[in-house]
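Novice: I am attaching a structure below and will ask some questions about it afterwards.
Only the coordinates and a few stated rules stand behind these numbers; no lab work does. Keep in mind that what you see is a predicted model, and the values were worked out from it rather than measured. Cβ coordinates were reconstructed from backbone atoms using ideal geometry, including for glycine residues, and neighbour counts include every protein chain displayed.
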Amino acid sequence: MAIVIAVVALGSLTLLLAILLAAANKKLYVYEDPRIDAVEDMLPHANCGACGFPGCRPFAEALVNGQALPGRCTVSSDEGRKRIALYLGVALGAEEKYVARLACGGGINVARNRAHYHGISSCRAAALVSGGGKGCLWGCLGWGDCVAVCDFDALHLNEHCLPVVDVQKCTACGACVEACPKDLFSLQPVSRRLWVNCKNLEAGDQVLEECQVACTACGRCAMDAPGGLITMVHNLPLIDYSQDHRTQAPIQRCPTGAIGWWSDDGDFLKGPESRKVIRQTPRKEGFS
Amino acid sequence: MNILHIRHNTFKHGVHPPEHKEDTRGLPIRQFPFAPLLILPMTQHIGVPAVPVVREGQEVSRGQLLAKAGGYLSVPLHAPVSGVVHRIGNVPTISGQMAQGIYLKTFPFSTQEAVEGIPVDVNEAKQEAILQAIQDAGIVGLGGAAFPTHVKLKVPEGKRCDTLIINGVECEPYLTTDHRVMLEQADDIFMGIRYLLKATQAERCIIGIEANKQDAAEHLAACAPSDLPLTVAVLTVKYPQGAEKMLITALLGREVPSGGLPIDVGAIVINVATTAEIGRLLPHGRGIQERVVTITGPGIRKKGNYLIPIGTPLRFVLEYVEADPDLSEVYLGGPMMGVAVSNLDIPITKGASGVLAFTAAQVSRPHRVYPCIHCGACIQACPMSLMPNKLGQLAKFEAWDEMAEQHHLMDCFECGSCSYVCPSHIPLVQYFRLAKIMVRKRKQSKTAV
């Protein structure tokens with residue numbers, strides 16, 4: 001008898017709650033466009049934030065609501081973007097691809113370390129101890145914080161401890177921009193080929209003591225550039241990208257190769273008069 | 001009247017590193033020569049950088065104003081030597097970043113007499129006038145933090161300061177500047193205390209000194225003027241007793257609340273060298289031009305306590321004291337809280353209390369870092385009763401927000417006790433410094449949005 005009471009009591013309670021839940025489901029139902037789910041499935045699920053939205057789902061919502069176009073997603077392949085555009089019946093909105101660019105050429109074969117740093121193996125930690133051991137106060141410390149935060153395997157340290165961006169893989173998510181304690185990374189359209197590869201604010205040949213590819217602020221690039229394309233600001237050339245910058249004239253006479261040209265396959269080309277770097281071994285550390 | 005007291009109550013936890021003070025504690029303060037070129041960054045203090053008021057090529061006399069305060073949380077800068085402004089531009093600093101600064105070329109044959117300003121009389125000046133005079137003299141905390149002293153002395157509305165504490169603890173190993181200042185500049189200290197008592201309206205003043213400086217405590221107690229409400233307290237030796245929160249606990253038994261300031265418990269702590277500087281400069285209306293620095297360590301031949309003009313390049317200092325050519329590590333400040341230097345072209349600033357140098361042979365090679373074994377030694381050492389082991393693990397996984405919100409990261413004042421005792425040689429303090437910067441950065445970006 002006791003068993004029967006228990007079964008009936010629990011059974012009726014279950015039934016009651018089930019009815020309540022069913023009613024609530026009907027009453028509180030929120031209609032959601034099924035296309036959002038479909039579009040989200042077509043997105044790469046990287047949640048990188050390169051599109052400017054907090055993740056893939058908010059971006060999918062924006063796509064369905066017409067607030068954004070599929071071209072904003074830099075991680076998807078071309079086919080993937082076209083599929084979304086076709087599915088939603090919107091324009092592709094092909095925006096120009098952005099990539100992360102490093103503004104430092106000072107690998108350990110050309111730039112000197114003043115002091116030997118020993119501690120947590122991270123650029124941000126090294127920068128705390130009187131700026132790290134690098135002779136150039138603005139230069140890349142080479143501990144690879146940017147490589148560690150890159151979710152797309154687009155960054156690698158080369159043999160001279162300098163990060164190299166894989167243009168094909170880079171999605172311009174901006175993680176490396178955040179991670180670098182020296183603020184050397186920035187997101188740039190790939191069409192910007194003319195590039196200043198130095199952040200040293202000092203002028204004169206004494207900067208070469210610390211780094212052989214540093215900008216000495218000689219101003220030749222500014223003289224050679226057509227009509228105000230380059231101005232010297234704080235001892236560095238500043239390229240006005242709003243003008244036509246598809247010219248290699250400014251890099252021709254650069255003595256150090258601090259200004260150069262990004263080639264199609266992501267190599268940094270220097271002018272013919274720039275000093276050739278033959279040394280492949282690290283420069284000697286000097287505590288001076 | 002016996003004003004000397006021996007106290008046995010102290011703060012909780014702490015460590016006992018070897019003192020190494022015997023090399024320099026008996027050496028009197030000596031004047032350092034003037035370097036041919038001084039480097040004067042505008043950011044020698046915490047807060048807004050100073051603003052230069054001189055131009056390139058201008059001749060300045062010693063003591064003349066070079067830069068005015070950039071705001072309330074800022075102090076002016078005075079010329080440490082007579083000379084000519086060589087260049088105004090970027091100068092290297094201890095932080096590893098360039099800062100705006102002035103290169104000052106010394107006149108080699110100048111008598112280097114200092115110009116004097118308007119004196120501030122301790123008996124007549126009003127409270128506000130004294131605070132203003134302290135700012136105008138460019139005075140910051142000379143113990144190492146370089147926080148503008150007039151901001152610290154300003155008692156906020158609705159709060160009251162009953163005790164002024166003069167910090168003569170000097171718990172950092174190797175350093176003996178405060179010890180020498182107390183022995184040699186007692187009158188300046190008492191004059192400074194008069195100014196400070198008036199500025200803070202405190203009823204009494206306690207000078208806290210550790211027992212390893214018994215001679216200084218006895219000297220101060222013997223010279224103390226009878227009209228000052230003064231006590232000299234001798235404390236047991238323990239690091240980091242010189243931290244203001246620890247010193248308040250040791251002397252008054254009050255605990256500064258988390259995130260609070262000493263004024264929340266009615267106390268203001270001022271370093272003894274800062275006090276002496278106030279007592280010396282204000283009666284003449286002068287600005288701070290030099291400071292006492294202990295130069296010591298196994299790599300130095302002419303160890304000692306030197307009165308060094310602010311802005312003297314470290315390279316010049318090391319040459320003068322005949323540092324070993326095989327120098328391997330140089331620290332600005334003490335071994336526990338000081339910063340390793342990566343560039344010898346940085347200057348001695350207002351906050352530099354010591355220069356420590358070691359040669360390659362004397363430096364023990366950095367230890368391998370082992371995983372945390374949860375021995376709890378750091379918990380026993382942390383004077384703020386934090387859990388450095390837990391914080392260290394979170395820092396490894398970059399859980400900055402959790403460190404700040406649940407484990408009181410921001411209460412850490414980077415004394416280095418945890419790193420000192422850690423048997424696994426985990427660089428805990430470096431993790432915490434990094435974490436604190438990340439937390440502040442995130443807070444800023446959040447408020448910006």
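Novice: What are the ³J(HN,Hα) values, in whole Hz, obtained from phi via the Karplus relation 6.51 cos²θ - 1.76 cosθ + 1.60 with θ = phi - 60°, for each residue of the range A:195-206 in sequence order, with x given for Gly and Pro?
Specialist: Couplings: 8, 8, 9, 7, 10, 6, 8, 7, 10, x, 6, 5 Hz.
Novice: If I take every Cα pair under 8 Å that is 6 or more residues apart in the range B:388-448, average their sequence separation and divide by the length, what percent do I get for the relative contact order?
Specialist: Answer for the range B:388-448 is 37 percent.
Novice: Take A:Asp265 and B:Gln97, extend 7 Å from each Cα along the Cα→Cβ direction, and tell me the distance between the two endpoints in nm.
Specialist: Here the modelled spin labels are 4.0 nm apart.
Novice: Would you work out the charge dipole size for the range B:388-448 about its Cα centre, treating the Cβ of every Lys and Arg as +1 and the Cβ of every Asp and Glu as -1, and quote it to the nearest 20 debye?
Specialist: Values: 9 positive and 6 negative charges, 50 e Å.
For this selection, approximately 240 debye.
Novice: Amide H of A:His156: which non-local residues (sequence gap of 5 or more, or other chain) have their own amide H closer than 5 Å, using H built in the peptide plane?
Specialist: Result for A:His156 returns A:Val164, A:Asp166.
Novice: Sorting B:Lys390, A:Lys169 on the 10 Å Cβ count, fewest up front, what's the list? Display every interim value, and only then the final one.
Specialist: Details: B:Lys390 17, A:Lys169 14.
In increasing order of surrounding Cβ atoms, one gets A:Lys169, B:Lys390.
Novice: To the nearest 0.05, how large is the calculated FRET efficiency for A:Ala23 and B:Glu203 if R₀ is 56 Å and r is the Cβ-Cβ distance?
Specialist: Values: r = 72 Å, r/R0 = 1.29.
Calculated value: 0.20.
Novice: Net charge near B:Phe432: determine it from the other residues with C-beta under 14 Å of the C-beta of B:Phe432, scoring Lys and Arg +1 and Asp and Glu -1.
Specialist: So the surrounding residues net to +2.
Novice: In what sequence do A:Lys97, A:Lys270 fall when counting other Cβ within 10 Å, fewest first?
Specialist: Working: A:Lys97 15, A:Lys270 21.
Lowest count first: A:Lys97, A:Lys270.
Novice: Another question about this same structure. Give a quick list of chymotrypsin sites (Phe, Trp or Tyr not before Pro) in the range B:305-404 that DSSP marks as loop, anything other than H, G, I, E or B, with at most 16 other Cβ atoms within 10 Å. Let's see the in-between values first.
Specialist: Values: sites: B:Tyr306, B:Phe316, B:Tyr320, B:Tyr331, B:Phe358, B:Phe397, B:Trp400; in loops: B:Phe397.
In loop regions of the range B:305-404 (DSSP not H, G, I, E or B), the sparsely surrounded chymotrypsin sites (Phe, Trp or Tyr not before Pro) are B:Phe397.
Novice: How large is ³J(HN,Hα), in whole Hz, for each residue of the range A:180-188 in order, when computed from phi with the Karplus curve 6.51 cos²θ - 1.76 cosθ + 1.60 and θ = phi - 60°, using x for Gly and Pro?
Specialist: 6, x, 9, 6, 8, 8, 8, 8, 10
Novice: Oh, and also: Among the chymotrypsin sites (Phe, Trp or Tyr not before Pro) in the range B:94-200, which ones are in a DSSP loop with at most 13 other Cβ atoms within 10 Å of the Cβ? Mind listing them? Please list the in-between numbers first.
Specialist: Working: sites: B:Tyr103, B:Phe109, B:Tyr174, B:Phe190, B:Tyr195; in loops: B:Phe109, B:Tyr174.
Taking the range B:94-200 and a limit of 13 other Cβ atoms within 10 Å, the loop chymotrypsin sites (Phe, Trp or Tyr not before Pro) found are B:Phe109.
Novice: Also, quick follow-up: Is the shape of chain B best called rounded, prolate or oblate, per the rule: a/c under 1.5 gives rounded, else a/b larger than b/c gives prolate, else oblate, with a ≥ b ≥ c the square roots of the Cα gyration tensor eigenvalues? Let's see the in-between values first.
Specialist: Details: a/c = 1.36, a/b = 1.15, b/c = 1.19.
The shape class here is rounded.
Novice: Placing +1 on the Cβ of each Lys and Arg and -1 on the Cβ of each Asp and Glu in the range B:388-448, which of B:Phe413, B:Gly392, B:Thr447 has its Cα farthest towards the positive end of the resulting dipole?
Specialist: B:Thr447
Novice: Right, next: Between beta-carbons, use under 12 Å as the cut-off and find the net charge around A:Arg81, counting Lys and Arg +1, Asp and Glu -1.
Specialist: Working: positive: A:Arg72, A:Lys82, A:Arg83, A:Lys97; negative: A:Asp78, A:Glu79, A:Glu95.
Net charge in that neighbourhood comes out at +1.
Novice: Add -39500 (n - 2.57) for each DSSP H run of 4 or more in chain A, then divide by its residues: what number comes out at 222 nm, to the nearest 500 deg cm²/dmol? Each step should come with its number before you reach the end.
Specialist: Details: 9 runs with 80 residues, N = 288.
It comes out at -8000 deg cm²/dmol, rounded to the nearest 500.
Novice: What is the gain in length, in nm to one decimal, between A:Asp151 and A:Asp205 on full extension, counting 0.36 nm per residue of separation less the C-alpha to C-alpha distance?
Specialist: Numbers: separation 54, 0.36 × 54 = 19.44 nm, distance 3.91 nm.
In short, 15.5 nm is gained.
Novice: Next question. Can you give the FRET efficiency for B:Ser258 and A:Glu273, using 1/(1 + (r/R0)^6), R0 = 60 Å, r = Cβ-Cβ distance, to the nearest 0.05? Spell out each step's value before the answer.
Specialist: Numbers: r = 61 Å, r/R0 = 1.02.
Given R0 = 60 Å and the Cβ-Cβ separation, E is 0.45.
Novice: Picking from B:Gly354, B:Gly71, B:Gly158, which is most flexible by a Gaussian network model of chain B using Cα springs under 10 Å?
Specialist: Most flexible of the set in this elastic network: B:Gly158.
Novice: Using a 10 angstrom cutoff on alpha carbons, build the Gaussian network for chain A and name the most mobile of A:Gly132, A:Gly204, A:Gly257.
Specialist: Among A:Gly132, A:Gly204, A:Gly257, the largest mean-square fluctuation in the Gaussian network model of chain A belongs to A:Gly204.
Novice: Give the shape of the protein assembly as shown as rounded, prolate or oblate, defined through the alpha-carbon gyration tensor: a ≥ b ≥ c are the square roots of its eigenvalues, a/c under 1.5 means rounded, and otherwise the shape is prolate if a/b is larger than b/c and oblate if not. Before the final figure, lay out the partial values.
Specialist: Details: a/c = 2.13, a/b = 1.33, b/c = 1.60.
Verdict is oblate for the protein assembly as shown.
Novice: What spacing in nm lies between the two simple spin-label points modelled at A:Glu95 and A:Asp244, each 7 Å away from Cα in the Cβ direction?
Specialist: So the two model labels end up 2.8 nm from each other.
Novice: To continue, here is another question. Which net charge results for the neighbourhood of A:Ala125, defined as the other residues with beta-carbon distances under 10 angstrom from its beta-carbon, given Lys and Arg at +1 and Asp and Glu at -1? All intermediate terms of the calculation are to be shown ahead of the outcome.
Specialist: Numbers: positive: A:Arg124, B:Arg433; negative: A:Asp145.
Spelling it out: positives minus negatives among the neighbours equals +1.
Novice: Taking chymotrypsin sites (Phe, Trp or Tyr not before Pro) as candidate sites, keep only those in a DSSP loop with at most 15 other Cβ atoms within 10 Å, then name the longest stretch of chain A containing none of them.
Specialist: Values: sites that count: A:Tyr29, A:Tyr31, A:Tyr241.
Longest site-free region, per DSSP loop and neighbour criteria: A:32-240.
Novice: Step through the residues of the range B:93-108 one at a time and calculate ³J(HN,Hα) from phi using the Karplus curve (6.51 cos²θ - 1.76 cosθ + 1.60, θ = phi - 60°), rounding each to whole Hz and writing x for Gly and Pro.
Specialist: Taking θ as phi minus 60°, the curve returns 10, 5, 5, x, 10, 6, 9, 5, x, 10, 9, 10, 8, 7, 6, x Hz for the range B:93-108.
Novice: Could I ask something else about it? Considering Cα pairs under 8 angstrom that are at least six residues apart, work out the relative contact order of chain B and quote it in whole percent. Walk me through the numbers before you get to the answer.
Specialist: On the way: 1020 pairs, mean separation 86.3, N = 449.
It comes to 19 percent, rounded to a whole number.
Novice: For the range B:388-448, place one equal point scatterer on every Cα, skip the solvent, and apply the Debye formula. What is log10 of I(q)/I(0) at q = 0.22, 0.25, 0.27 Å⁻¹?
Specialist: The Debye formula, applied to the Cα set alone, gives -0.82, -1.01, -1.15.
Novice: Which value at 222 nm does chain B reach when only helices count, each DSSP H run of 4 or more adding -39,500 (n - 2.57), with the total divided by all residues and rounded to the nearest 500 deg cm²/dmol? Before the final figure, lay out each step's value.
Specialist: Working: 13 runs with 121 residues, N = 449.
One gets -7500 deg cm²/dmol as the mean residue ellipticity at 222 nm.
Novice: What FRET efficiency comes out for A:Thr281 versus B:Asp401 if R0 is 25 angstrom and r is the Cβ-Cβ distance? Round to the nearest 0.05. Present the calculation step by step, with values, prior to reporting the outcome.
Specialist: Values: r = 43 Å, r/R0 = 1.71.
For A:Thr281 and B:Asp401, the calculated efficiency is 0.05.
Novice: Another question, then. Take A:Asp166, B:Asp188 and order them by how many other Cβ atoms sit within 10 Å, fewest up front.
Specialist: Numbers: A:Asp166 15, B:Asp188 20.
By the 10 Å Cβ count, ascending: A:Asp166, B:Asp188.
Novice: Counting other Cβ atoms within 10 Å, which chymotrypsin sites (Phe, Trp or Tyr not before Pro) in the range B:1-91 have at most 13 and lie in a DSSP loop?
Specialist: Numbers: sites: B:Phe11, B:Phe34, B:Tyr72; in loops: B:Phe11, B:Phe34, B:Tyr72.
Within the range B:1-91, the qualifying chymotrypsin sites (Phe, Trp or Tyr not before Pro) (loop, at most 13 other Cβ atoms within 10 Å) are B:Tyr72.
Novice: Then there is this: Just name one of A:Gln280, A:Gly174, A:Leu155: the one whose Cα is farthest towards the positive end of the charge dipole of the range A:150-288 (beta-carbon charges, Lys/Arg +1, Asp/Glu -1).
Specialist: Of the candidates, A:Gln280 comes out farthest on the positive side.
Novice: About its Cα centre, what dipole magnitude does chain B give when the only charges are +1 on Lys and Arg Cβ and -1 on Asp and Glu Cβ, stated in debye to the nearest 20? Write out the running numbers ahead of the final one.
Specialist: Values: 42 positive and 41 negative charges, 195 e Å.
Dipole of chain B, to the nearest 20 debye: 940 debye.
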